[in-house]
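These notes are about the structure you will find just below.
The values are calculated or read from the model by the stated rules, or taken from the named source; none is laboratory data. Predicted model, so just to flag it, every value in this text is computed and none were measured. Virtual Cβ from ideal backbone geometry, glycine too; neighbours counted across all protein chains shown. For accessibility, only protein heavy atoms count, side chains too; no ligands or nucleic acids. Shrake-Rupley method; radii C 1.70, N 1.55, O 1.52, S 1.80 Å.
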Amino acid sequence: MTSYSVRPAVLSDARAIAEIHVATWRTAYQGLMPDEHLAALSVPKREAYWREAIEYSEPQVHVALDGATPIGFVGLDRSRDPKSKSTTGEIWALYVTPAHWGQGAGLALWDAAREAAEEEGFTDLTLWTLLRNERALRFFELAGFKRELPSARTIPVGTVRREEIRLRRALG
């Protein structure tokens with residue numbers, strides 16, 4: 001496994017984060033989301049989103065680095081689920097460029113997210129993922145997350161609908 005450093009994102013990381021986000025979606029969600037939806041993803045739109053997220057820390061964003069180059073990121077904040085406790089955090093996004101899959105960058109980002117969540121006073125973490133996203137489900141289940149079967153829901157993705165599920169993990 002490669003050793004990756006992780007640090008809080010700065011505004012100048014927004015472009016790299018957007019590029020990682022788009023490239024990873026196009027690879028990870030191939031066959032899970034409509035091709036036209038993946039083709040329509042926009043680095044400039046994602047960059048604007050991540051620039052604002054970094055500026056306002058909503059969500060908190062950390063980047064994994066290979067040397068000085070960002071190769072992955074994680075976004076974490078309070079849960080966006082209605083009626084969730086103030087002590088419930090949520091991983092909004094965790095993506096690593098496909099060239100670095102399986103080399104430890106995701107684990108480094110997970111460690112940073114867990115540490116940040118504990119510093120925020122969260123007692124548990126949730127995240128949402130597509131039910132058919134086996135790679136993500138396997139990763140998060142190895143990190144101690146459990147599927148909440150009653151949470152399964154259908155979401156619109158372009159012209160189709162996909163099933164997603166919430167995963168939860170206690171901290172501490």
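Overview of values
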read-out	value
Nearest-20 debye value, the chain charge dipole, Cβ charges on Lys, Arg, Asp, Glu	540
Calculated over the chain: convex hull of Cα atoms, volume per residue (Å³)	116
Förster radius 25 Å - calculated FRET efficiency between Asp81 and Val10, Cβ distance, rounded to 0.05	0.30
Principal axes of the stretch 65-141: Cα extent on each, largest first, Å	38, 30, 16
Counting all C-alpha pairs of the stretch 24-106, share separated by more than 17 Å (%)	59
Estimated FRET transfer efficiency (Thr154, Thr69; beta-carbon r; R0 41 Å; 0.05)	0.60
The chain: most fluctuating residue of Val74, Val43, Val157 per GNM, C-alpha cutoff 10 Å	Val157
Portion, in percent, of the accessible area of the chain that falls on carbon or sulfur, probe 1.4 Å	51
